[in-house]
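Structure first, commentary second.
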Amino acid sequence: MVVDLDRHEQLAAEVLPQTGLLVGDAWLRAGSGGEYQHVDAATGRPQATVPLAGAAEVDAAVAAARDAFPAWRGLRPDLRRNALLRLAELIRSRASTIGQVLTLECGSPILGATALPARAADYLEYYAGLADKIEGSVIPIFPERAFDYTLPEPYGVVAVVSTWNGGISALGRKAGAALAAGNTVVVKAMELAPFSAVIFGELALEAGFPPGVVNVLPGGVEAGRALVAHPGVDKISFTGGIEAARQILVAAAQHITPVVLELGGKSGNIVFPDADLDAAGAFAGVACMRNSGQGCVMPTRLIVHSSIHDQIVSRALAGIAAMPIGDPLDPATAFGPVVSARHADRILAMVSAADGEILTGGHRLDEPGFYVAPTVVDRIAADAPLAQEEVFGPVLAVLTFDDEDEAIALANATPYGLAGYVHTTDLSRAHRVAAALDAGYVSLNGFAALPAAAPFGGYGRSGFGKEGGREGLAEFVRTKNVYLPLELR
């Protein structure tokens, strides 16, 4: 495996945007939160200096969003629709460059990264199509004496706090829904991956969004705390970890600010003896290693029937061994680095503390970047930390079961409830187990990329609220009831 260091530096100089803080229509090239030295995950080398927002810039961005809200809310819905469609088209037209930026900002292999701009555009186009279809209803109450109806209204200023692995597709999903409903947004981009959010802000202005409708603040903990606790924020949409979510809920409670939380997962992948063993085994190994396991929805617990344990595990190991590991800018690479040295150390610490048998991996790869070898740990106890805590890295924990009830119990035996996976050729069992899983998303015999029209969100510690679909739009609309007596006095 070879990482082309010179190519990374040259491409960064060509495609990375000049980072800054978008407040209204002004780009601030310095912030009160200081600076962050961004490091290329594949090379371990410094890549760019990122100005960070502090409380002062949060105040300014929220003020700009509040100033822009009345006009954006009052804009004809078809004009909001058209603005979202223009933004989607701009993202599609620059998908190749944005994909390269996504690879440079967090190490995602280019093959997958180049698909994310299209996902962002899909969400923007979907919500553009709903912008002029947000309708109220007439309530059947005493029709001869009164008229009662509802008005769907936007909240106002929405704080969009996204994690580093979501990139521009997460902004398309979150901000697209909020903007279509008539809200304005302040995006807090994580300092680990600020570049695609900056591009989103640049293209929003180019698409004709009025100043202040979209504001973008790369920032760290200081900016995040200031934003979610701000009295001028009317709703919070957050993707990230459980500890940050707890702090957000405490801050939001001060102003009773409603929150949407899309958090972590520890998703079980149940394989029954009647499954297609070749397909299920390959899926078990490869699906949890996508983006080096850095995804909340990954099937990170393999829950396999004891009678087929050896067959499935051997197939999973074979699939992992066949994954090309290398430079994420190489289109042939399927497995790249994790996002930072700190993240790599955390992953390996969790693996070293595990009681199971390490079948493969469990170590750093000898590269300049932050590569953790794909890891499989067998015979994990259901209550072990590796079976309970989100690793957010290329680690698969293997558990076994003997009957359907035990499989369901194991799948539900974590505080998370984001996703579940079931492999079986028995249609009745597939639907029965899907209904029994405590998860917001269940995939049968595969891993499908959810369309923009599908809702996504978890149960338990995986959060609450939905993103995507009509349910995702509803998160940013509140309902007012109007009662009109027909005999006015």
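Before moving on, here are some points about what is shown:
- Qualifying residue in the stretch 126-144 (condition: at pLDDT 95 or above, surrounded by 24 or more Cβ atoms within 10 Å (Cβ to Cβ) and not hydrophobic (A, V, I, L, M, F, W, C)): yes
- Residue in the stretch 283-303 that is part of a helix (DSSP H, G or I), without any contact (Cβ under 8 Å) to a residue 40 or more places away in the chain and within 30 Å of Val186 (Cα to Cα) present: no
- Just one of the listed residues (Val58, Val62) is of a type outside the set (S, T, N, Q), touching a Leu at 6+ places or on another chain (Cβ under 6 Å) and not assigned by TED's automatic domain parsing to the domain that holds Pro328, namely Val58.
- Of all residues in the stretch 46-62, at least one satisfies being more than 22 Å from the chain's Cα centre (by Cα), in a helix (DSSP H, G or I) and not aliphatic (A, V, I, L, M).
- Among (1) touching a Phe, Trp or Tyr at 6+ places or on another chain (Cβ under 7 Å); (2) within 20 Å of Ala407 (Cβ to Cβ); (3) not β-branched (Val, Ile, Thr), the one test that Ser307 misses: (1)
- Boolean, Val338 is within 19 Å of Gly293 (Cα to Cα), free of Cβ contacts under 8 Å to residues at least 24 places away in the same chain and either part of a strand (DSSP E or B) or touching a strand residue (DSSP E or B) at 6+ places or on another chain (Cβ under 9 Å) (or both): no
- Sole exception among (1) surrounded by fewer than 24 Cβ atoms within 10 Å (Cβ to Cβ); (2) in contact (Cβ under 8 Å) with a residue 60 or more places away in the chain; (3) assigned to a loop (DSSP other than H, G, I, E, B) for Leu203, by number: (3)
- Of all the criteria given as (1) more than 25 Å from the chain's Cα centre (by Cα); (2) touching a residue at least 60 places away in the same chain (Cβ under 8 Å), the one not satisfied by Thr414 is (1).
- Residue check for Gly440: among the small types (Gly, Ala, Ser), surrounded by 19 or more Cβ atoms within 10 Å (Cβ to Cβ), on the phi > 0 side of the Ramachandran plot and at pLDDT 95 or above: no
- Of the residues in the stretch 105-119, at least one is β-branched (Val, Ile, Thr), in the same structural domain as Glu471 (by TED's automatic domain parsing) and part of a helix (DSSP H, G or I).
- Val376 being in a helix (DSSP H, G or I) and more than 19 Å from Val2 (Cβ to Cβ): no
- Cβ-Cβ contacts under 9 Å between residues 6 or more apart (or on different chains), taken from a first residue in the stretch 171-186 that is at positive phi to a second residue that is surrounded by fewer than 24 Cβ atoms within 10 Å (Cβ to Cβ) and in a helix (DSSP H, G or I), are listed as Gly182/Phe69; Gly182/Trp72; Gly182/Arg73; Gly182/Gly74; Gly182/Pro77; Gly182/Arg80.
- Flag if Ile248 is of a type in the set (Val, Ile, Thr) and in contact (Cβ under 8 Å) with a residue 24 or more places away in the chain: yes
- Across the stretch 207-245, the number of residues qualifying as free of Cβ contacts under 8 Å to residues at least 60 places away in the same chain and of a type in the set (A, V, I, L, M, F, W, C) comes to 3.
- Scan of the stretch 1-56 for residues that are hydroxyl-bearing (Ser, Thr, Tyr) and either out of contact with any His (no Cβ under 9 Å at 6 or more places or on another chain) or surrounded by 15 or more Cβ atoms within 10 Å (Cβ to Cβ) (or both), ordered by number: Thr19, Ser32, Tyr36, Thr43
- Within the stretch 398-411, considering residues that are over 26 Å from Thr360 (Cβ atoms) and within 30 Å of the chain's Cα centre (by Cα), the one surrounded by the most Cβ atoms within 10 Å (Cβ to Cβ): Ile408
- Scope the stretch 426-452; condition within 16 Å of the chain's Cα centre (by Cα), aliphatic (A, V, I, L, M) and farther than 14 Å from Pro299 by Cβ; matching residues: Ala449, Leu450, Ala452
The values are calculated or read from the model by the stated rules, or taken from the named source; none is laboratory data. Small disclaimer: the values here were computed from a predicted structure and weren't measured. No Cβ is skipped: glycine too gets one built from the backbone with ideal geometry, and neighbour counts run over all protein chains shown.
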